[in-house]
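Let me begin by presenting the structure, written as structure tokens, before commenting on it.
The values are calculated or read from the model by the stated rules, or taken from the named source; none is laboratory data. None of the values given here were measured: they were computed from a predicted structure. Positions of Cβ are generated from backbone atoms using ideal geometry, with glycine treated the same way; all protein chains shown enter the neighbour counts.
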Amino acid sequence: MRKLIHQGSVKDIYEVGEGEIEFSFSNRISVFDKLIPSLIPHKGETLCRTTVHWFKAAEEAGIATHFIDQTSPASIRVKQVDIIPDYDKLNFETTNYLIPLEFISRVYIAGSLFDRFEKGTITEAVLGFQEGHVPRYGEKLPQPYIEMSTKLERVDTLLSEEKALEISGLTLSELKRIKEIILILDEKINRGVEKGGLIRADGKKEFGFDRQRGIMLVDVFGTADEDRFWDLETYKKEGECVELSKEFVRQYYRKIGYKDALYDARAQGKPEPDIPPLPEDVIKEAGKLYIELFERITGQTF
């Protein structure tokens, strides 16, 4: 018997047996840590099936995951890990828990990373460019850039490596191993999506420990929600970054000024403005994008 234990912005999580839970992917969508009052047709199924595709690819590469089985077109069964919001309870001996970090791996300068560069909060040298170089939006980084943010806070906050180690219970060697896994997975994803005429610009991953404190890949990755994809042919011919992921929806809220208003309110400690629903034409286009991206990523037919 399924028991609902958590409803997130996208997934409903059910307890289905001892040590196991089920992710049910909905058609809900969120941006900037805000749930949009609109549903995107077919979104849940495309995310679920893309997730299964990459979990299987990870396991073929010898990377441990919490994936058990796909139980329906829009749901999967996975091993359950503990969510421990009190960082003081995490140490080098804690087992079977969600590491409270999001790992963002970037191959191109885009999105919030480009915004931070323009504001001067991150430099070209930190990103691997020669000092004085001014990268353009969409330019490939000299090498992949991995950074970490909080996972369990209401709003994600970027962390230094020192702070990430402090709150997560990770050892330095474990953090190094996670970064190695990310690079292995990214190489697999990057090569895979090129076959579908895509560029993967950046993406997020999450990890946990099993009951023996073995590192395993958890949650969702390589999808239209977690990763940013561009059309490869257009990028090569025109240098244009055609968004084929949830970034398409983020860009809508940037264009209407909502993103700036929201971040200004957060910076000033003011009440956050409600996020408006999406227009019908944007909803329809977003639904098409999720299907298209699923097919181009996986090579499967929806």
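Can you confirm whether segment 42-55 contains a residue that is touching a helix residue (DSSP H, G or I) at 6+ places or on another chain (Cβ under 8 Å) and closer than 23 Å to Lys259 by Cα? Looking for residues that are touching a helix residue (DSSP H, G or I) at 6+ places or on another chain (Cβ under 8 Å) and closer than 23 Å to Lys259 by Cα, one finds at least one in segment 42-55, hence yes.
Scanning segment 69-107 for residues that are part of a strand (DSSP E or B), over 24 Å from Val193 (Cα atoms) and aliphatic (A, V, I, L, M) yields Val78, Leu98, Leu101. Asp156 fulfils the conditions (1) at pLDDT below 95; (2) more than 26 Å from Trp230 (Cα to Cα); (3) surrounded by 14 or more Cβ atoms within 10 Å (Cβ to Cβ) except for a single criterion, (2). Looking for something of a type outside the set (Lys, Arg), on the phi < 0 side of the Ramachandran plot and part of a strand (DSSP E or B) - is there at least one such residue anywhere in segment 40-60? For segment 40-60, residues of a type outside the set (Lys, Arg), on the phi < 0 side of the Ramachandran plot and part of a strand (DSSP E or B): absent. If only residues of segment 7-32 that are in contact with a helix residue (DSSP H, G or I) (Cβ under 9 Å, 6 or more places away or on another chain), outside any strand (DSSP E or B) and closer than 21 Å to Val218 by Cβ are counted, the one that is modelled with the highest pLDDT is Ser26. The set of residues from segment 159-175 being among the hydrophobic types (A, V, I, L, M, F, W, C), more than 15 Å from Leu98 (Cα to Cα) and surrounded by fewer than 18 Cβ atoms within 10 Å (Cβ to Cβ) comprises just one member, Leu172.
Conditions (1) over 25 Å from Asp33 (Cα atoms); (2) free of Cβ contacts under 8 Å to residues at least 12 places away in the same chain; (3) part of a loop (DSSP other than H, G, I, E, B); (4) under 18 Å from the mean Cα position of the chain (by Cα), marked per residue:
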{"site": "Gln143", "(1), (2), (3), (4)": "yes, no, no, no"}
{"site": "Glu147", "(1), (2), (3), (4)": "no, no, no, yes"}
{"site": "Leu152", "(1), (2), (3), (4)": "no, no, yes, yes"}
{"site": "Ile167", "(1), (2), (3), (4)": "no, no, no, no"}
{"site": "Asp186", "(1), (2), (3), (4)": "no, no, no, yes"}
{"site": "Asn190", "(1), (2), (3), (4)": "yes, no, no, yes"}
{"site": "Phe221", "(1), (2), (3), (4)": "no, no, yes, yes"}
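With respect to (1) over 29 Å from Arg191 (Cα atoms); (2) among the acidic types (Asp, Glu); (3) surrounded by 12 or more Cβ atoms within 10 Å (Cβ to Cβ); (4) without any contact (Cβ under 8 Å) to a residue 60 or more places away in the chain, the lone exception for Glu292 is condition (1). When restricted to residues that are within 25 Å of Pro135 (Cα to Cα), in contact with a strand residue (DSSP E or B) (Cβ under 7 Å, 6 or more places away or on another chain) and part of a helix (DSSP H, G or I), segment 239-289 contains 5.
Of a type in the set (D, E, K, R) and either surrounded by 13 or more Cβ atoms within 10 Å (Cβ to Cβ) or under 17 Å from Lys205 (Cα atoms) (or both): which single residue out of Glu93, Glu15 fits that description? Before the answer, list the steps.
Details: Glu93 fails: either surrounded by 13 or more Cβ atoms within 10 Å (Cβ to Cβ) or under 17 Å from Lys205 (Cα atoms) (or both).
Only one candidate passes the filter, namely Glu15.
When residues in segment 142-176 are screened for being touching a strand residue (DSSP E or B) at 6+ places or on another chain (Cβ under 6 Å) and of a type outside the set (Asp, Glu), 11 of them pass. Applying the selection to segment 112-124, what residues are under 14 Å from Lys140 (Cα atoms), surrounded by fewer than 19 Cβ atoms within 10 Å (Cβ to Cβ) and not charged (D, E, K, R)? Hit for segment 112-124 is Phe114, nothing else.
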